[in-house]
Each structure stands twice: as C-alpha cells, then as structure tokens.
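Notes follow the structure.
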Amino acid sequence: MSGQTSPAWPGEWPEADAATGASTSTTTAALAADERLRIAARSRTACAPVRDLIGDLDQDEAYAVQTLGIDRRLAEGRRVIGRKIGLTSPAVQSQFGVFTPDYGVLLDDMMAADREPIELARFLQPRVEAEVAFVLGRDLESPTTHVADVLRATEFVLPAIEIVDSRIAGWDIRIADTIADNASSGAVVLGTTPRSLDGLDLAAVGMSLDHADEIVSSGSGAACLGSPVIAVAWLARAVARHGRPLRAGEVILSGALGPMVDVTGPGVYRARLDGLGEVRADFIDSRTEGAVA
C-alpha cells in the first residue's frame, strides 16, 4: 500500500457536513423508515417498503436512512471495511425497474472467505451475484475521480460473490427502498488469490455462476456500467460528494456482471471469472447435514 494517511480507515465513519453537500438533518420520515428496517432485521421478519414514508424517488432521504442504520451498527461495535455498488447491470436494473446505480456500506461482519460455510439463517431473502472486488492501495478523495485514478489506486482485484438480501417483503423495492436498506446488502464472499490489474481488461472478463452443475447466471465486465473500473470511478465520485470518500484498504464491490439468482436452500454457488479465477459461496443450514456440493 501507499504511505498515504487514511484517517477514516479502518472503521471510522466521518461526520458529513454542509461543506460536502451531504445533509446533516434527520427527518421524522427518515427515522420512521430506519426503525421499520431495524425491526425487520432484528425480528427476522421482512417489512413493508419504506417508500411510503420517504417517497419513491427521494435518494437524499433514502441515503439519510442508510446512514442512520450504519451509524447504529458502528455504535454496536461493527467496523466499516468497504463499499458496494448496486444496480450497475442492465439485467439487474430491469429486474427492479430502476435505471441508476446506488451504493451501500460493507461492515466487518458481512465478510466471508472462499468456501467458508455461510449459515442461511443469517438472511431473510438471499440472492447471489458474481462481481469483481477491488482492494484499494490509495485513497480516492476527489469528486472528479476518473478511471485512471482508479487504476492507479487499485492494489489488486479478487473474484467475489455478493449475497444480496432485502429486509423488504417479497423484494418489493424501488430505488428509495434499496438505498435505505443499505443497497440491499447481505454479505460478500471473497476469493483468496489476488490479481494485478496489469494487462487485465475487466470489461472483457467473462463470468459464469453455477449451482448443482448447472449455469444459473452468466455475463461479463461490460455489463457493469461498461467496465467494473468505470463503476468504481462512479462510486468514488458519488461518495466523495457526500463527504465519505473511498480509503486505502477498503474492499469495493464493483457491481454485478450478470443477473442475480435466488438462494433457495443449502448448497454451493461457484463463480468463475476469466483471468481472476473462481470463488465459492457454501450455504449451510445448521438444522440439516450441511452444504450440498
């Protein structure tokens, strides 16, 4: 890594203020939406959408709800270890009728390693999607970050499976719902063999995701805003404008390379990414004999 100072790493979450363009006020509607999502997560019972409280399209209010939830988790002892980009793939956008990316925050208790058993009971409505994970060696602080900045700042990339989950019943979400619900985050499974970006064309990376010897999703880096590098540059600009820039050491999930897939029970989901290798998410149910290969 570079020798840059990273005051917000690890786990610190700087206060946003008016100078960054981020709102410092919390509305009654945002508090009510956060409480609805909190109860759903704690009770393991999915809730109604929160867009009736904060509006279908008010992204600023939705991010305020997201921040309330993250701040609470940090107060409980969790630690920020990265960010995620959602809704980058046209295939995923079409599933939910939304047409812009969003972002969320990755916490330390959301991380799993390749082949590490993952208990299904952690999730309400899990789905999986294959992605490229970036690990940063430098901060990305500018609201005008471009792809060359991302390339210079990336220490290495890994294949990843994101486990997306929704506290909203039946995945009945619109853009405000998913943003408020931390971009429908669940967990992330990281591969364990780092790859340099040197000579690697992420737009051309092919992806296949299989389960029970059947390919259940496929795609490429080009499906992720044209390239995962472009997606990370978009994220860097967005979070810098809101006063919480990307920091050295953070893990960045750059977005789905193909359609997400329902997880219907214990079993193995294996993602293969050209030039990056493979990663497995092994779901178990402690009430059964374990994962099915």
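The values are calculated or read from the model by the stated rules, or taken from the named source; none is laboratory data. Here the structure is a predicted model, which means the values were calculated and not measured. Virtual Cβ from ideal backbone geometry, glycine too; neighbours counted across all protein chains shown. Note: areas computed on protein heavy atoms with side chains; ligands, DNA, RNA excluded. Shrake-Rupley method; radii C 1.70, N 1.55, O 1.52, S 1.80 Å.
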Exercise. Placing +1 at every Lys and Arg Cβ and -1 at every Asp and Glu Cβ, with all other atoms neutral, what dipole size does the stretch 118-254 have around its Cα centre, in debye to the nearest 20?
Worked result: 520
Exercise. Under a 5 Å amide H to amide H cut-off, with H placed in plane at 1.01 Å, what residues pair with ILE168 once short-range neighbours are removed?
Worked result: CYS47
Exercise. Given charges of +1 on the Cβ of Lys and Arg and -1 on the Cβ of Asp and Glu, with all other atoms neutral, how large is the dipole of the stretch 96-187 about its Cα centre, in debye to the nearest 20?
Worked result: 160
For this session: Return a whole-number percent for the relative contact order of the stretch 114-206, with Cα pairs under 8 Å and 6 or more residues apart as the contact set.
Result: 33
Exercise. What shape does the stretch 217-256 take by its C-alpha gyration tensor, where a ≥ b ≥ c are the square roots of the eigenvalues and a/c under 1.5 counts as rounded, a/b above b/c as prolate, and the rest as oblate?
Worked result: prolate
Seminar exercise, completed: Per the helix-only model, the chain has a calculated mean residue ellipticity at 222 nm (DSSP H runs of ≥4, -39500 (n - 2.57) each, divided over all residues, rounded to the nearest 500) of -7000 deg cm²/dmol
Exercise. Considering only DSSP beta bridges whose two residues both sit in the chain, what percent are antiparallel, to the nearest 5?
Worked result: 80
Exercise. Can you pull the percent of the chain's accessible area that's carbon plus sulfur, 1.4 Å probe, other chains left in place?
Worked result: 51
Exercise. What residues qualify as long-range amide H neighbours of VAL251, i.e. H under 5 Å apart, gap of 5 or more or another chain, H built at 1.01 Å from N?
Worked result: GLY82, ARG83
For this session: Please state the charge dipole magnitude for the chain, taken about the Cα centre, from unit charges on C-beta atoms (+1 on K and R, -1 on D and E), reported in debye and rounded to the nearest 20.
Result: 260
For this session: Counting only trypsin sites (Lys or Arg not before Pro) that are in a DSSP loop and have at most 11 other C-beta atoms within 10 Å, tell me the longest site-free stretch of the chain.
Result: 45-286
Seminar exercise, completed: Distance in Å, no decimals, from the C-alpha centre of the stretch 269-289 to the one of the stretch 109-165 is 15
Exercise. Hey, if we sort MET111, MET260 by accessible area with the 1.4 Å probe, largest down, what's the order?
Worked result: MET111, MET260
Problem set entry | Solvent-accessible area of ASP139 with every protein chain in place, 1.4 Å probe, in Å² to the nearest 10 | 20
